[in-house]
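The values are calculated or read from the model by the stated rules, or taken from the named source; none is laboratory data. This one's a predicted model, so the numbers in the text were calculated from it and none came from an experiment. Please note: Cβ atoms are built from the backbone with ideal geometry, for glycine as well, and neighbour counts cover all protein chains shown.
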2 protein chains.
Amino acid sequence: MAKDKGARRPRAEAPKGFRDYFGAEVTERAEMLRAITEVYHRYGFDPLETSAVETVEALGKYLPDVDRPNAGVFAWQEEDGDWLALRYDLTAPLARVAAQYRNDLAMPYRRYAMGPVWRNEKPGPGRFRQFYQCDADTVGAGSVAADAEICAMLADALEAVGIPRGDYLVRVNNRKVLNGVMEVAGVLDPADPEKFAEERGIVMRAIDKLDRLGEDGVRALLGKGRMDESGDFTDGAGLSGDQADIVMGFMAAKRGYGAATVARLHDLTSGSDTGRAGVEDLETIAALLDAQGYAADRVEIDPSVVRGLGYYTGPVFEAELTFEILDEKGRKRQFGSVAGGGRYDDLVKRFTGQAVPATGVSIGVDRLLAALREKGRIGGRVAGPVVVTVMDRDRMADYQAMAGALRRAGIRAEVYLGNPKNFGNQLKYADKRQSPVAVIQGSDEHARGVVVLKDLVLGAKIAESATLEEWKDRPAQVEVPGDDLVGAVRRMLAE
Amino acid sequence: MAKDKGARRPRAEAPKGFRDYFGAEVTERAEMLRAITEVYHRYGFDPLETSAVETVEALGKYLPDVDRPNAGVFAWQEEDGDWLALRYDLTAPLARVAAQYRNDLAMPYRRYAMGPVWRNEKPGPGRFRQFYQCDADTVGAGSVAADAEICAMLADALEAVGIPRGDYLVRVNNRKVLNGVMEVAGVLDPADPEKFAEERGIVMRAIDKLDRLGEDGVRALLGKGRMDESGDFTDGAGLSGDQADIVMGFMAAKRGYGAATVARLHDLTSGSDTGRAGVEDLETIAALLDAQGYAADRVEIDPSVVRGLGYYTGPVFEAELTFEILDEKGRKRQFGSVAGGGRYDDLVKRFTGQAVPATGVSIGVDRLLAALREKGRIGGRVAGPVVVTVMDRDRMADYQAMAGALRRAGIRAEVYLGNPKNFGNQLKYADKRQSPVAVIQGSDEHARGVVVLKDLVLGAKIAESATLEEWKDRPAQVEVPGDDLVGAVRRMLAE
């Protein structure tokens, strides 16, 4: 401390793009994670916790914005020259673990993981650089039955956290179908898969932005490029009008029911082996889900789903909340995506050289919490502790003993530990803590062996209605024998 | 991926000093955190979750090793020039929060927090650079009643996670007493508190190492310095023999019972106002705890406790597990410290310029878990899921439906998703997963409307005892009607 003297004071601020979570925000998230992981557990998934830090080389360069391959992560160099970084998702660490422990893990390896991830992106309103994900993945299963299982589990998880059936939809697509369409459009040559890779990246990101940019915006990105409202220009894929038509037709291929969509996709990809295989995968997934009762009211095939991440190789899925909310400008819009995932058969191969099929889903916990708050399903008033006030500072031991007795009975309780001089401040504190009951024992009460209990919930109601009339049979303050403290508080809390 | 072609493969390794946690390691820790925070909650503490990242200026330089003020954290520079770092504990972020939200928080502010912290230290066996802490602190309470409450809560928390009374001890000391002793020894001048600051730092760290270095080692550090086994030399505080005697006498001041220890400390600090105030604080803490039933079998005054961190200003405490374990060399030793804390009245002041008293404790969750494992209280066999095997790959939907039915009945279940060709591999997988029951339905069983259940727990027992005789009344494999699947599995699990 000595050397700080005279130095300017540090700013008391979280870094830009980071935030603090208080009270119910923390417990509500913990509760949601518990509910989701309980579903994952029931499906046979085992927990895995990797550290927040990975080597940059193990993480790889898979962030959505492949335009800037080195950006997007928080990284630093160690004294020994190694570059380390904070994980940007939970999938890259899983791929590393699956490679590192490939001889020890029971394969297929079903694992779940939860925790914060970090993105070094420009922060914005509601856009943070640390957020929670809760993932489940199956490594070592090439069958689309694994993808179907993930979709079913995702639906179960959403219902487990309080999103009723009808308020969500798991939309499924297949990158292979998209690749088939790219073949047909002439931006993918099966004989030379690297050719047009950049163009396809732009196409994929453009499709992913359909919700936000609308058809015209996407069409601009497929063609020459697009200027946004701020004047920033994004390069386009340079597709001709005919080529763009094929891609746009693909996005619009969704029909009223799954079989019709599949038939349309068959047409759109005719002539592409990859495309046909992709459509067949989709049919199998739909059939598996249907047989288990996951019908179109919960899971549907939707060609407009592509998911931004570059590493997907097969089925991709996205869970969308379908109810409407008002956006910041007061316009109605669908709440949108809260989870996404897909098959990534090449991620583990990066390490081992051997193909290891894998598929999984990531739930965006913070967005899902926001949705539940929006719907009023969480975020109600949380009861604070019973507050034992301090009338006589020399009797602190007695007050602590009262709080102790309440706690042993399972009642949340605390002694006021601020300066006890001003009793009004103690009641103000109890109020701010949303305390249901204040316990008071001055020297007079002590001499008579009694304590006073103040019903703060009732007190607040009386203050609100401004008339004592309707509460007159229920006094907001009672005197009880000292040895009845626990029982009397319990009765007051139960009222 | 395209550009990685030909590049060398990344190593599939967690960075040095970081590790992965699998299965029960994750759930056992989650369970421990739940038990601890449940105690914190009952004491009226509210959860707070700050992000992993703080500005370097907000974190300050408070790591134990004040010899190297800039080392110890993982830090990096942002494009805008700001330095960010991973938090090294949960106290520094709390001080920042208490300053940032000082007008909004109900004061005194009792908060708990849990999560990983990061130390950029040389990793070693059992020494990791990311580990969990679970803290509780009270900000804005100057009274030692707040310190006493923390000590009582710490004892309760240890018992809540399964450390029985008698296997732990909360040891309490006071930095003010130590400062009083420093005054008496002539290395602290109340009129010029900065003088001898460096010497006092060395003295404090030396005392903190009494367990590890023994009396001679500490004496060397108090005097000219000490050469360790590897030949590294640590500078000493340069105290004379008489001065060192006073400090050593302080560490040995513990007597058989609290009042005798207090009397001895009174003697040792006579002549120092700070020392006297510190001893009185200790007496008050002991009296408050005693009145609530926390006697010397749980909490004791021990002058050898100093805690390494530089920011403590008053009472300091440490929870020690008193049972013996064998160290890596097979020697018996006490398990040692699993939690520590104290009063730090100046941390918030760094930001605001106004003194805000604060006190708290940090439980080293990973060490506590290691202790419970050592005692065999956790770490038993964990039951895996029921595994539905795949005899006929075209009937995947049926197998998925069976697993779904089991799950809906609350039974953990999964379908085998590897290549189903080799049935032996499926049973080996079920075994590796510690599955209790395998469900089998080939085409013959399907035609007859039955399923076969294989009791893998019983099967393992039979394999072990190598005689079927004793199990002959309980077949390891039964055939049940298909529509009795759930009931039959449930009965088998209950056996």
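Scanning segment B:383-399 for residues that are touching a Pro at 6+ places or on another chain (Cβ under 7 Å) and charged (D, E, K, R) gives a single hit, B:Arg393.
If I ask for residues that are among the charged types (D, E, K, R) and either outside the structural domain of B:Val144 (by TED's automatic domain parsing) or not in a strand (DSSP E or B) (or both), which ones from segment B:300-330 would you list? Write out each step before concluding.
Of segment B:300-330, the ones among the charged types (D, E, K, R) are B:300, B:302, B:307, B:318, B:320, B:324, B:327-329.
Result: B:Asp302, B:Arg307, B:Asp327, B:Glu328, B:Lys329.
So which residues in segment A:32-62 are of a type in the set (A, V, I, L, M, F, W, C) and either in contact (Cβ under 8 Å) with a residue 60 or more places away in the chain or within 7 Å of chain B (Cβ to nearest Cβ) (or both), if there are any at all? Selection gives A:Met32, A:Leu33, A:Ala35, A:Ile36, A:Val39, A:Phe45, A:Leu48, A:Ala52, A:Val53, A:Ala58.
On the given criteria, is B:Leu406 touching a strand residue (DSSP E or B) at 6+ places or on another chain (Cβ under 6 Å) and either surrounded by fewer than 22 Cβ atoms within 10 Å (Cβ to Cβ) or within 14 Å of chain A (Cβ to nearest Cβ) (or both)? Steps first, answer last, please.
On the way: touching a strand residue (DSSP E or B) at 6+ places or on another chain (Cβ under 6 Å): yes; either surrounded by fewer than 22 Cβ atoms within 10 Å (Cβ to Cβ) or within 14 Å of chain A (Cβ to nearest Cβ) (or both): yes.
For B:Leu406, the condition - touching a strand residue (DSSP E or B) at 6+ places or on another chain (Cβ under 6 Å) and either surrounded by fewer than 22 Cβ atoms within 10 Å (Cβ to Cβ) or within 14 Å of chain A (Cβ to nearest Cβ) (or both) - is met.
Against the test of being more than 30 Å from B:Lys16 (Cα to Cα), facing another protein chain (nearest Cβ under 9 Å), outside any helix (DSSP H, G or I) and at pLDDT 90 or above, the options A:Arg111, A:Arg29, A:Arg11 yield a single qualifying residue, A:Arg11.
Specify the residue that is nearest to B:Ile378 (Cα to Cα); the eligible residues are those in segment B:145-167 that are among the acidic types (Asp, Glu) and part of a helix (DSSP H, G or I).
Of segment B:145-167, the ones among the acidic types (Asp, Glu) are B:147, B:149, B:156, B:159, B:167.
When the remaining residues are screened for being part of a helix (DSSP H, G or I), the result is B:147, B:149, B:156, B:159.
Details: B:Asp147: 31, B:Glu149: 29, B:Asp156: 19, B:Glu159: 14 Å.
Per the criteria, the residue is B:Glu159.
For segment A:374-381, the condition holds for no residue, the condition being that it is under 33 Å from the mean Cα position of the chain (by Cα), farther than 30 Å from A:Ala106 by Cβ, within 13 Å of chain B (Cβ to nearest Cβ) and assigned to a helix (DSSP H, G or I).
All conditions in (1) farther than 23 Å from A:Ala98 by Cα; (2) buried (at least 18 other Cβ atoms within 10 Å of the Cβ); (3) more than 7 Å from every other protein chain (Cβ to nearest Cβ) hold for A:Lys16, with the sole exception of (2). Just one of the listed residues (B:Ala141, B:Ala136, B:Ala85, B:Ala98) is in contact with a strand residue (DSSP E or B) (Cβ under 8 Å, 6 or more places away or on another chain), touching a residue at least 12 places away in the same chain (Cβ under 8 Å), hydrophobic (A, V, I, L, M, F, W, C) and in a loop (DSSP other than H, G, I, E, B), and it is B:Ala141.
Residues to consider are B:Glu199, B:Glu194; find the one that is without any contact (Cβ under 8 Å) to a residue 12 or more places away in the chain and either of a type in the set (Asp, Glu) or outside the structural domain of B:Leu369 (by TED's automatic domain parsing) (or both). Spell out how you get there, then give the answer.
Working: B:Glu199 fails: without any contact (Cβ under 8 Å) to a residue 12 or more places away in the chain.
Matching residue, one of B:Glu199, B:Glu194: B:Glu194.
Has segment A:60-70 got at least one residue that is closer than 22 Å to B:Ser51 by Cβ and either at pLDDT 80 or above or touching a Pro at 6+ places or on another chain (Cβ under 6 Å) (or both)? The answer is no, given that none of the residues of segment A:60-70 is closer than 22 Å to B:Ser51 by Cβ and either at pLDDT 80 or above or touching a Pro at 6+ places or on another chain (Cβ under 6 Å) (or both).
Checked against (1) closer than 28 Å to A:Gly201 by Cβ; (2) assigned to a loop (DSSP other than H, G, I, E, B); (3) among the acidic types (Asp, Glu), A:Asp366 passes all but a single condition, namely (2).
Residue-wise test of (1) more than 22 Å from B:Ala291 (Cα to Cα); (2) assigned to a loop (DSSP other than H, G, I, E, B); (3) of a type in the set (Lys, Arg).
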site: A:Ala401; (1), (2), (3): no, no, no
site: A:Ala405; (1), (2), (3): no, no, no
site: A:Ile411; (1), (2), (3): no, yes, no
site: A:Val439; (1), (2), (3): no, no, no
site: A:Leu453; (1), (2), (3): yes, no, no
site: A:Ile462; (1), (2), (3): yes, no, no
site: A:Val480; (1), (2), (3): yes, no, no
site: A:Leu485; (1), (2), (3): no, no, no
site: A:Arg491; (1), (2), (3): yes, no, yes
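From the list A:Val170, A:Val187, the one residue that fits, being in the same structural domain as A:Arg307 (by TED's automatic domain parsing), of a type outside the set (S, T, N, Q) and part of a strand (DSSP E or B), is A:Val170.
Condition check ((1) in a loop (DSSP other than H, G, I, E, B); (2) surrounded by 16 or more Cβ atoms within 10 Å (Cβ to Cβ)) across all residues:
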{"position": "B:Arg255", "(1), (2)": "yes, no"}
{"position": "B:Ala260", "(1), (2)": "no, no"}
{"position": "B:Asp267", "(1), (2)": "no, no"}
{"position": "B:Gly275", "(1), (2)": "no, yes"}
{"position": "B:Val279", "(1), (2)": "no, yes"}
{"position": "B:Leu282", "(1), (2)": "no, yes"}
{"position": "B:Ala286", "(1), (2)": "no, yes"}
